[in-house]
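Let me begin by presenting the structure, written as structure tokens, before commenting on it.
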Amino acid sequence: MNENTTDPRDRVFHRERVSMPEGDLSVIVEGPEQAPPVLLLSGGGVDSATLSWRHLIPDLARDHRVIALDWPKQGRSIPWEGIADHATLRRCVLAVLDRFASGPARVVGLSQGGAMTLDTAIEHPDRVERLVAMCPAGILEFPPVVHQALWLMARSTLPGMMIGDRRKVEAFVRRSLFAGPVADFDQVIDEVMAEMEVNGASASDWQNTSIGPWRMNVDLRPRLREITCPALFLQGAKDVGVPPARTIAAAKAVPHARLELLAGHGHWLGRQSPERVGRLVRDFLTEPAP
């Protein structure tokens, strides 16, 4: 099903819808139909395909079939009935790959999307040709007291205090997502506020359910060694959401994986330095197979 939109959050990207039992996924599909498929998986919370991949989509679409979904309850993948936990997101990834990629795909994911990128390579290695994991979740652990505090916080129902307050949004984005100048910062804030206005400002279901009372419910670290495809990890050296040490350790656990640690960068790499990150991703995705 094609999807036409005049949503102010969207650049003019072609969209299609993929039906799931809980609702429809809105999926950006760009680039030559017969080109190598690349699946882009954005982060959790206030994010979407266009928020994270606004600059990367047109770059890769020159010679890739780009597939970028809005996760359930994000962007235009609304309404959605039920909890969009890890198992649900896994089904979403497979449904989108089944629809748009007849063979193995190149998969790029950020944060929550990074966790699902690694998970797909572990659970369905035949579906992933190579992967890029940016500041990935799913590889974290916290000291006991901090862990319990985070678990309780995930179960609280905090109102969206920042909705409509641009100064608070700007402060949060600068502190939590960036660690340096951003050329289109005002546009980023416009897009974040538009997403919050439609879908709220809470953490995603995946973020809330991935942490249990005593341990992480989603911990991919014991199985990272099972990843056999070429893998690139990108990590901001000043990321406050995903400690760089965790990503460094994860990259060491994946056989023959590469790591690029970006000095002066925070969590949202593709929006802080879209040209540099785009070049790193493109070079890795298009290099000859080992």
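The values are calculated or read from the model by the stated rules, or taken from the named source; none is laboratory data. This is a predicted model, so every value here is computed, not measured. Positions of Cβ are generated from backbone atoms using ideal geometry, with glycine treated the same way; all protein chains shown enter the neighbour counts. SASA here: full protein model, heavy atoms, side chains in, ligands and nucleic acids out. Shrake-Rupley method; radii C 1.70, N 1.55, O 1.52, S 1.80 Å.
If the only charges are +1 at each Lys and Arg Cβ and -1 at each Asp and Glu Cβ, what is the size of the charge dipole of region 9-117 around the Cα centre, to the nearest 20 debye?
Values: 13 positive and 13 negative charges, 27 e Å.
Charge dipole, region 9-117, about its Cα centre: 140 debye, nearest 20.
Ordering of 134-142, 39-47 by packing is 39-47, 134-142, highest average first (other Cβ atoms within 10 Å, averaged per residue).
Heavy atoms of the protein chains alone define the surface here; on that basis region 168-290 has 49 Å² accessible area per residue at 1.4 Å probe size.
Need one word for region 9-82: rounded, prolate or oblate. Basis is the Cα gyration tensor (sqrt eigenvalues a ≥ b ≥ c); a/c below 1.5 gives rounded, then a/b vs b/c decides. In terms of gyration-tensor shape, prolate.
Each Lys and Arg adds +1 at its Cβ and each Asp and Glu adds -1 at its Cβ; summed about the Cα centre, the chain shows a dipole of about 780 debye.
Each peptide in 192-199, 51-58 receives the mean, over its residues, of other Cβ atoms within 10 Å, and ordering these scores from highest gives 51-58, 192-199.
With the charge dipole of the chain set up from +1 on Lys and Arg Cβ and -1 on Asp and Glu Cβ about the Cα centre, the Cα lying farthest toward the positive end among the listed residues His256, Ser26, Trp71 is that of His256. Can you classify the chain as rounded, prolate or oblate using the Cα gyration tensor, where a ≥ b ≥ c are the square roots of its eigenvalues, rounded means a/c under 1.5, and otherwise it's prolate if a/b beats b/c and oblate if not? Note, shape of the chain comes out rounded. When the alpha carbon gyration tensor of region 152-290 is reduced to an equivalent ellipsoid, its three semi-axes come out at 29, 22, 13 angstrom, largest first. Rounded to two decimals, the Cα-based Rg/Rh of region 214-280, with Kirkwood Rh, is 1.00.
Taking every DSSP helix (H) stretch of at least 4 residues in the chain, weighting each as -39,500 (n - 2.57) and dividing the sum by the residue count yields a mean residue ellipticity at 222 nm of -10500 deg cm²/dmol.
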